[in-house]
Amino acid sequence: MRYRTLGGVRVSAVGLGAMPLSIEGRPDEERALATVHAALDAGVTLLDTADSYHLPGAELGHNERLVARALAAYGSDTSGVLVATKGGRGRPAGGDWTVNGSPRHLKAAAEASRKRLGVEAIGLYQLHKPDPAVPFEESVGALRELLDAGTIRLAGVSNTDADQIRRAREILGDRLVSVQNRYSPAVRDSEPELRLCADLGLAFLPWSPLGGLARSSLDGPSRTEGAERLAAFHEVAAERGVSPQRVGLAWLLTRSPAVVPIPGASRPETARDSAAAADLHLSAEERTRLDEAAAPVRA
């Protein structure tokens, strides 16, 4: 496992997104715990969760409690594991995602997350999404209050544009350590934000980092939109004898030292395969092929 830096903390170059373990189609608890343990066994030290990762209308904080149980049941030291959670979104009955970035809500949500995770302070707490009904500075100001109170140790923002990142940095200073935006071979709208993170020394945590790639190298090319363009990821995977997901994650790591992908998993095999991407070194020729195959970026 290779490692990168997030707010002065050494973390695995590939993390684990725990969301699939708690939403629709989730595995039973035994397999869910085994999935987290497989990631830890593979050297993963960054686990990503959120209070809203649960079935619609029920079980608020299900994923946070699951992550806490997985760490408690793990047979080895987990003191080096950074758990990142998020607040500011909800999943009421009906399945729609809501947004609530009010300072009052964020502070209460962070305290509830802290208790569910069973920690004195949350390792990394992130604003899940800016709330158009609340001034962005007020939401980020709540993160500053949580830092000052010792409820959280590090702060991040998610689903933000470059201007919002700069504004958050003005409020939080070097206590802003990460940005979590959607980014993958198929979706590269956040390329400007990635470049900004590299310039500012922030970690960039791509969510849904495997967008556009098939579920397995045995499945053949993905039939999703843009699949033909991404054929190079399948070709390199076949040449290397690995999954296209592993190639996709390895490619993401070449984009910038700031990148720490957080692929989701619902099976131990998937968690291990994703973690192995940290040790897949692409040649210059492979990188060029993949760069040319990936989705175009906005200016």
Just one listed residue, out of 126, 164, is out of contact with any Gly (no Cβ under 7 Å at 6 or more places or on another chain), within 23 Å of residue 189 (Cα to Cα) and modelled with pLDDT of 95 or more, and it is 164
Out of the residues in region 48-65 that are aliphatic (A, V, I, L, M) and surrounded by fewer than 22 Cβ atoms within 10 Å (Cβ to Cβ), which is nearest to residue 203 (Cα to Cα)? 60
Top-ranked residue in region 239-287 [being among the β-branched types (Val, Ile, Thr) and assigned to a loop (DSSP other than H, G, I, E, B); ranked as farthest from residue 186 (Cα to Cα)]: 242
Quick check: is even one residue across region 34-44 within 26 Å of residue 156 (Cα to Cα), of a type in the set (Ser, Thr, Tyr) and open to solvent by 20 Å² or more (accessible area, probe 1.4 Å)? no
With (1) within 21 Å of residue 130 (Cβ to Cβ); (2) under 19 Å from the mean Cα position of the chain (by Cα) as the list, and residue 114 as the residue in question, which single condition is left unmet? (1)
Residue match in region 59-78 (condition: in contact with a strand residue (DSSP E or B) (Cβ under 7 Å, 6 or more places away or on another chain), part of a strand (DSSP E or B) and within 29 Å of residue 1 (Cβ to Cβ)): no
If I filter region 88-96 for residues that are open to solvent by 20 Å² or more (accessible area, probe 1.4 Å), among the hydrophobic types (A, V, I, L, M, F, W, C) and modelled with pLDDT of 95 or more, do I get at least one hit? no
The one condition in (1) free of Cβ contacts under 8 Å to residues at least 12 places away in the same chain; (2) under 15 Å from residue 211 (Cβ atoms); (3) not basic (Lys, Arg) that residue 284 fails to fulfil: (2)
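The values are calculated or read from the model by the stated rules, or taken from the named source; none is laboratory data. These numbers come from a predicted model, not from an experiment. Every residue, glycine as well, gets a Cβ built from its backbone with ideal geometry; the counts of neighbours run over all protein chains shown. We work out accessible area using only protein heavy atoms, side chains counted, and drop any ligands, DNA or RNA first. Shrake-Rupley method; radii C 1.70, N 1.55, O 1.52, S 1.80 Å.
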